[in-house]
Amino acid sequence: MKKVLIVLSILLILISSTVYADLIIPDYKYEQQEVNNENVEVTICPSRGILFNAVHYMFFNSNYEYVYPISYNGTTYLPVRGLSSLLNEGITWDGKTNSVYIGEGEKDTSFCSETLGPITYPETKKVDAVLNKKITIIYKGNKKTFEDVNGTTVYPISYQGTTYLPVRAVSHLFGVDLSYNSSEDKVELHKAVDYGKPLGKSYDGAKISLSVFYIYREPNTLAEIDFELDKDTIFSAIDYPNGWSRIIYSDRILGWFETKYIIKPDSNANVEEKTAIGKDGEVLVDFIDLKKSQNSESETIDIMIHTDTFTVLDINPGGKWYKVQYGDEEGWIEYNPKYVTIMY
């Protein structure tokens with residue numbers, strides 16, 4: 001009898017164990033899917049213009065060597081430090097955690113600079129880089145992923161020890177608008193700037209005291225030129241406290257011109273117009289041709305390079321060509337404030 005009871009007890013225990021085993025919730029361990037970096041071919045684009053508020057910029061790495069935009073799958077990338085300098089925002093790289101902290105850390109504007117842009121660039125070339133999917137992007141304490149205009153996820157790129165981030169995605173975090181001019185291969189970023197209240201109402205009947213009349217997109221002589229008017233043009237203007245004026249012509253607000261070179265209608269009628277003749281000048285770009293005559297197709301006498309100086313001897317009636325003394329030579333240069341500066 002005892003044997004029977006023992007057998008029954010064992011059967012009951014086994015049955016109970018089987019029933020309750022189905023009720024036990026297993027302790028699942030969710031394994032995070034391993035993300036692997038990807039070797040990709042990207043394009044180095046030295047001639048791709050990067051403009052912020054109409055001014056061209058160049059970029060540097062930690063050794064202050066030139067670095068250039070990278071293009072991959074239709075997205076433009078800039079190095080972390082350069083992008084931080086351009087937007088004047090803290091962007092910190094933490095190598096220990098393989099993380100980029102956007103909007104945090106010290107602001108350092110030394111990794112980019114305003115430039116007129118060199119006339120010659122290194123060639124565009126394709127190189128091998130790493131699509132770095134293991135880098136974590138942190139923005140305001142939260143993990144962030146980037147997307148392109150089509151909603152596709154884009155990742156940081158690593159190339160020669162430098163981390164590159166997508167310009168559009170990062171700039172939008174800081175309220176900076178971005179557009180791409182495909183015909184001129186330019187990425188243009190724009191952020192609204194408060195230039196202060198006008199110093200007064202607009203005035204009519206103004207003219208300039210220079211031989212050329214270039215109107216800039218922004219109040220900066222390094223900004224792109226939007227319009228060129230004849231030097232004898234009569235226009236309206238509104239003065240601002242930053243030393244610049246908004247130019248109004250044919251009922252349109254065109255852009256900016258330096259206030260100090262505007263002759264107002266109520267000023268002394270005998271004001272002597274400023275002239276570059278007799279003034280010294282300096283070359284701002286890599287090089288500029290010294291021509292035999294005031295024509296871009298004429299013979300090149302010499303080549304003037306960056307920081308070379310000259311003296312203006314004469315100006316053609318249109319103000320576009322200056323006759324200059326360059327060392328022992330006399331010749332003509334095509335005047336553009338982006339190429340040369342005159343020391344008034």
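The values are calculated or read from the model by the stated rules, or taken from the named source; none is laboratory data. Keep in mind that this is a model prediction, so the values were computed, not measured. Backbone-built Cβ (ideal geometry, glycine too); neighbour counts: all protein chains shown.
If residue 123 satisfies all but one of (1) surrounded by 11 or more Cβ atoms within 10 Å (Cβ to Cβ); (2) touching a residue at least 60 places away in the same chain (Cβ under 8 Å); (3) not basic (Lys, Arg), what's the number of the condition it fails?
(1)
Restricting attention to segment 271-283, does a residue exist that is under 26 Å from residue 226 (Cα atoms), of a type in the set (Val, Ile, Thr) and within 29 Å of the chain's Cα centre (by Cα)?
Yes.
Select the strands (runs of 3 or more DSSP E) contained entirely in segment 171-252, then report the ones holding at least 1 residues which are among the hydrophobic types (A, V, I, L, M, F, W, C) and over 30 Å from residue 58 (Cα atoms).
Once the strands (runs of 3 or more DSSP E) in segment 171-252 are filtered for at least 1 residues that are among the hydrophobic types (A, V, I, L, M, F, W, C) and over 30 Å from residue 58 (Cα atoms), what remains is 203-208, 235-239, 244-249.
Quick one: how many residues across segment 179-207 are farther than 30 Å from residue 149 by Cα and of a type outside the set (A, V, I, L, M)?
Residues flagged as farther than 30 Å from residue 149 by Cα and of a type outside the set (A, V, I, L, M) within segment 179-207 amount to 11.
Which pairs do you get when a residue that is within 16 Å of residue 241 (Cα to Cα), found in segment 200-211, comes within reach of a residue that is hydrophobic (A, V, I, L, M, F, W, C), reach meaning Cβ atoms under 7 angstrom, with the pair 6+ apart or on two chains?
Here the result reads 202/237; 202/238; 202/248; 203/237, each pair linking segment 200-211 to a residue that is hydrophobic (A, V, I, L, M, F, W, C).
Yes or no, residue by residue, for (1) in contact (Cβ under 8 Å) with a residue 24 or more places away in the chain; (2) surrounded by 14 or more Cβ atoms within 10 Å (Cβ to Cβ):
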position	(1), (2)
194	no, no
216	yes, yes
226	yes, yes
245	no, yes
264	yes, yes
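Looking at 285, 271 in this structure, which one is in the same structural domain as residue 319 (by TED's automatic domain parsing), modelled with pLDDT under 90 and part of a loop (DSSP other than H, G, I, E, B)?
It is 285.
Could you figure out which of (1) in contact with a Leu (Cβ under 8 Å, 6 or more places away or on another chain); (2) crowded, with 16+ Cβ neighbours inside 10 Å isn't true of residue 76?
All conditions pass for residue 76, except number (1).
Just a yes or no: is a residue in segment 21-43 out of contact with any strand residue (DSSP E or B) (no Cβ under 7 Å at 6 or more places or on another chain), modelled with pLDDT under 50 and not in a loop (DSSP other than H, G, I, E, B)?
yes
Residues of segment 314-344 being of a type in the set (A, V, I, L, M) and either within 11 Å of residue 291 (Cβ to Cβ) or surrounded by 15 or more Cβ atoms within 10 Å (Cβ to Cβ) (or both), which ones?
Across segment 314-344, the qualifying residues are 315, 324, 333, 340, 342.
Listed here are the residues, each with its yes/no results for (1) at pLDDT 85 or above; (2) among the hydroxyl-bearing types (Ser, Thr, Tyr); (3) touching a Cys at 6+ places or on another chain (Cβ under 6 Å).
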| position | (1), (2), (3) |
| --- | --- |
| 81 | yes, no, no |
| 92 | no, yes, no |
| 106 | no, no, no |
| 121 | no, yes, no |
| 127 | yes, no, no |
